[in-house]
Amino acid sequence: MIGLTNRPRTSDEVRAEIERRGKTIREVAQEIGVNERIVYEVLRGRFKGRRGQAHKAPVLLGLKDGIVE
């Protein structure tokens, strides 16, 4: 999983990690089980990640600390 770190990352760090792994945003979205558009919006900073998939995406990508149940 991309987000397994000790501290929250920046969106630039997450994008660099996705690129380093040779994956697309679509592939990452499918891996973590969220809509591709949500991943794009979270990485752009347009979604704050408070509920639902908009919360799940930044937590699993390592952009914020949180719990996904």
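The values are calculated or read from the model by the stated rules, or taken from the named source; none is laboratory data. Fair warning: this is a prediction, and the values are worked out from it, not measured in the lab. As a convention, Cβ positions derive from the backbone with ideal geometry for all residues, glycine included, and neighbour counts pool all protein chains shown. Just the protein is used for accessible areas: all its heavy atoms, side chains included, with ligands, DNA and RNA removed. Shrake-Rupley method; radii C 1.70, N 1.55, O 1.52, S 1.80 Å.
Taking the Cα centre of the chain as origin and assigning +1 to Lys and Arg Cβ atoms and -1 to Asp and Glu Cβ atoms, the resulting dipole is close to 240 debye. Estimated purely from DSSP H runs of n ≥ 4, each contributing -39500 (n - 2.57), the mean residue ellipticity at 222 nm for the chain is -15500 deg cm²/dmol once divided by its residues.
Cα centroid distance between region 45-69 and region 6-34, in Å? So the separation of the two Cα centres works out to 13 Å. Split the accessible area of the chain by element, probe 1.4 Å, and carbon with sulfur accounts for 44%.
Less than 11 Å Cβ to Cβ from residue 8, Lys/Arg counted +1 and Asp/Glu -1: what total charge do the surrounding residues give? Every neighbour counted, the sum reads +1.
From the square roots a ≥ b ≥ c of the eigenvalues of the alpha-carbon gyration tensor of the chain, which class results: rounded (a/c under 1.5), prolate (a/b over b/c), or oblate? Rounded, since a/c falls under 1.5. Here the Karplus relation 6.51 cos²θ - 1.76 cosθ + 1.60, evaluated at θ = phi - 60°, turns the backbone of region 37-44 into coupling constants of 4, 5, 4, 4, 5, 5, 5, 7 Hz, with x for every Gly and Pro. For a straight C-alpha distance cut-off of 14 angstrom, the aspartates and glutamates reachable from residue 56 (same-chain residues fewer than eight places away being disregarded) are 31, 36, 41, 65, 69.
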